1. Just one of 33, 54, 64 is of a type in the set (D, E, K, R) and touching a Gly at 6+ places or on another chain (Cβ under 7 Å); which is it?
2. Please specify each residue of the stretch 11-24 satisfying the condition of being surrounded by fewer than 17 Cβ atoms within 10 Å (Cβ to Cβ) and either in contact with a helix residue (DSSP H, G or I) (Cβ under 8 Å, 6 or more places away or on another chain) or of a type in the set (A, V, I, L, M, F, W, C) (or both).
3. Can you tell me which residue among 57, 27 is within 12 Å of the chain's Cα centre (by Cα) and surrounded by fewer than 10 Cβ atoms within 10 Å (Cβ to Cβ)?
Amino acid sequence: MISDSHGQITAEVAVRKIVPGLNSGNLQVVVYDLSYERVYFAFGHVTPENKRIDAYLRPFIMMDLK
């Protein structure tokens, strides 16, 4: 629950708790952490069996911008 993180919301909390609860982001999801100069992103995927996996359900990739 997001209220458990009140006052302590970080990019990682957003990726793990907030984004999946929104059920939004079928093509891509991007979360910027400007304090630590990082970006987290995930992309949607279509399997060879034509099954769609939304971006918010896929693993996020973290990229350090420093």
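1. 54
2. Selection gives 13, 17, 18, 20, 21, 22, 23, 24.
3. Of the residues listed, the single one that is within 12 Å of the chain's Cα centre (by Cα) and surrounded by fewer than 10 Cβ atoms within 10 Å (Cβ to Cβ) is 27.
Taken together, the values in this text are just the output of simple stated rules run on the coordinates, not laboratory data. As the structure is a computational prediction, the values presented were derived from the model and not from experiment. In this analysis, Cβ positions are derived from the backbone assuming ideal geometry, glycine residues included, and neighbour counts consider all displayed protein chains.
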